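Down below is the structure, laid out as structure tokens.
The values are calculated or read from the model by the stated rules, or taken from the named source; none is laboratory data. Everything numeric in this text was worked out from a predicted model, so none of it was measured. Here the Cβ positions follow ideal geometry from the backbone for every residue, glycine too, while neighbour counts run over all protein chains shown.
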Amino acid sequence: MNSQHMKRLENKVAVIYGNGGIGGAIAKAFAREGARIFLAGRTQTRLDEISAEIQAANGSIATAVLDALDEQAVRIHIDKIVSKTGVIDISFNTIGLPQTGIQGIALANLSVENFLKPICIYAQSHFITAKCVLPHMIKQHQGVILSHVPNASRQSAPYVGGMIPAWSSLEALSRSISLEYGQQGVRSICMLSTGIEETPLIDEVWSIHSKVHGLTLDQFYEASRSFTHRKRLTTLKEFTDAAVFAASDDGSAITGTLFNLTAGMIVH
């Protein structure tokens with residue numbers, strides 16, 4: 001077979017946390033590239049929808065209702081996957097959090113509880129999912145741990161509350177994983193994008209911010225696009241294509257860094 005037609009994730013085992021817009025798209029993209037998908041989320045109906053679409057395209061997927069903040073549940077889930085497959089090649093935590101009451105509020109008016117909520121939830125979940133998969137990746141001497149943050153993690157936009165330190169913690173955790181376990185074959189990459197227009201959470205978040213800034217939602221979208229060099233935001237396909245590359249053997253030199261998809265909005 002010509003190499004350009006080979007599937008980049010053929011026979012890879014990928015566990016994905018989160019059944020929202022990003023998690024579902026990643027699961028479908030990884031399945032199209034030949035990965036065996038284990039998708040965990042909190043909404044059975046959404047898991048079923050994603051599973052049906054992947055199976056209809058002859059992809060391999062198993063789903064589980066799971067709280068990615070529960071270390072014991074995550075560990076049991078991972079151990080069950082390894083007992084079936086023998087390996088875990090890819091772990092991608094894509095969990096999200098409703099943003100009403102978290103964003104759109106000036107820091108001085110934000111409660112301590114709502115400031116800390118995203119910091120604690122994101123850091124705890126990503127640490128748990130990484131901690132539970134690392135022993136298996138170390139044992140097999142290979143594996144990729146992926147995470148994702150938006151451009152606001154680097155821009156410190158106003159009225160974002162505790163989300164900026166939450167996203168910053170994911171960047172730092174990703175670097176630490178690479179530093180400690182890179183020599184044992186584990187890669188850790190944090191995907192950096194703009195807001196992705198096709199994801200449902202963006203409408204919620206940017207509706208909040210458009211009101212705070214006195215703009216219509218369309219005006220806020222246009223302003224966001226204007227900050228990129230090409231005057232358009234990261235698409236979901238661009239994001240999933242990049243994630244496939246990062247998770248594949250073709251991306252073997254990428255670790256301990258941000259994979260920057262912001263089209264010049266962020267330079268690092």
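Can you tell me which residue is surrounded by the fewest Cβ atoms within 10 Å (Cβ to Cβ) among those in segment 54-106 that are hydroxyl-bearing (Ser, Thr, Tyr) and more than 21 Å from the chain's Cα centre (by Cα)?
Of everything passing the filter in segment 54-106, SER83 is surrounded by the fewest Cβ atoms within 10 Å (Cβ to Cβ).
Quick one: which helices (runs of 4 or more DSSP H) sit completely within segment 173-268 and have at least 3 residues that are touching a helix residue (DSSP H, G or I) at 6+ places or on another chain (Cβ under 8 Å), in contact (Cβ under 8 Å) with a residue 24 or more places away in the chain and surrounded by 19 or more Cβ atoms within 10 Å (Cβ to Cβ)?
236-247
Go through segment 131-158 residue by residue and tally those that are surrounded by fewer than 17 Cβ atoms within 10 Å (Cβ to Cβ) and in contact with a strand residue (DSSP E or B) (Cβ under 7 Å, 6 or more places away or on another chain).
Counting residues in segment 131-158 that are surrounded by fewer than 17 Cβ atoms within 10 Å (Cβ to Cβ) and in contact with a strand residue (DSSP E or B) (Cβ under 7 Å, 6 or more places away or on another chain) gives 1.
Do we find that SER125 is in contact with a Phe, Trp or Tyr (Cβ under 9 Å, 6 or more places away or on another chain), within 22 Å of VAL267 (Cβ to Cβ), in contact (Cβ under 8 Å) with a residue 40 or more places away in the chain and crowded, with 20+ Cβ neighbours inside 10 Å in this structure?
Spelling it out, it is not the case that SER125 is in contact with a Phe, Trp or Tyr (Cβ under 9 Å, 6 or more places away or on another chain), within 22 Å of VAL267 (Cβ to Cβ), in contact (Cβ under 8 Å) with a residue 40 or more places away in the chain and crowded, with 20+ Cβ neighbours inside 10 Å.
Would you check which residues across segment 159-168 are crowded, with 20+ Cβ neighbours inside 10 Å and not hydrophobic (A, V, I, L, M, F, W, C) and list them?
Passing the criteria: GLY161, GLY162.
Is it the case, given these coordinates, that LYS131 is of a type in the set (Lys, Arg), modelled with pLDDT of 95 or more and under 23 Å from GLY34 (Cβ atoms)?
no
Taking the residues in segment 27-58 that are over 22 Å from ALA242 (Cβ atoms) and β-branched (Val, Ile, Thr) as candidates, determine which candidate is modelled with the highest pLDDT.
Step by step, filter segment 27-58, then rank; the result is THR45.
Check GLY195, GLY256 and return the single one that is closer than 23 Å to ILE26 by Cα and touching a Lys or Arg at 6+ places or on another chain (Cβ under 9 Å).
Result: GLY256 is the single residue among GLY195, GLY256 that is closer than 23 Å to ILE26 by Cα and touching a Lys or Arg at 6+ places or on another chain (Cβ under 9 Å).
For segment 80-91, check the following and say yes or no: at least one residue is within 13 Å of TYR17 (Cβ to Cβ) and in contact with a Lys or Arg (Cβ under 8 Å, 6 or more places away or on another chain).
yes
Within 16 Å of THR255 (Cβ to Cβ), aromatic (Phe, Trp, Tyr) and more than 17 Å from the chain's Cα centre (by Cα): does that describe TYR181?
Yes: the conditions hold for TYR181.
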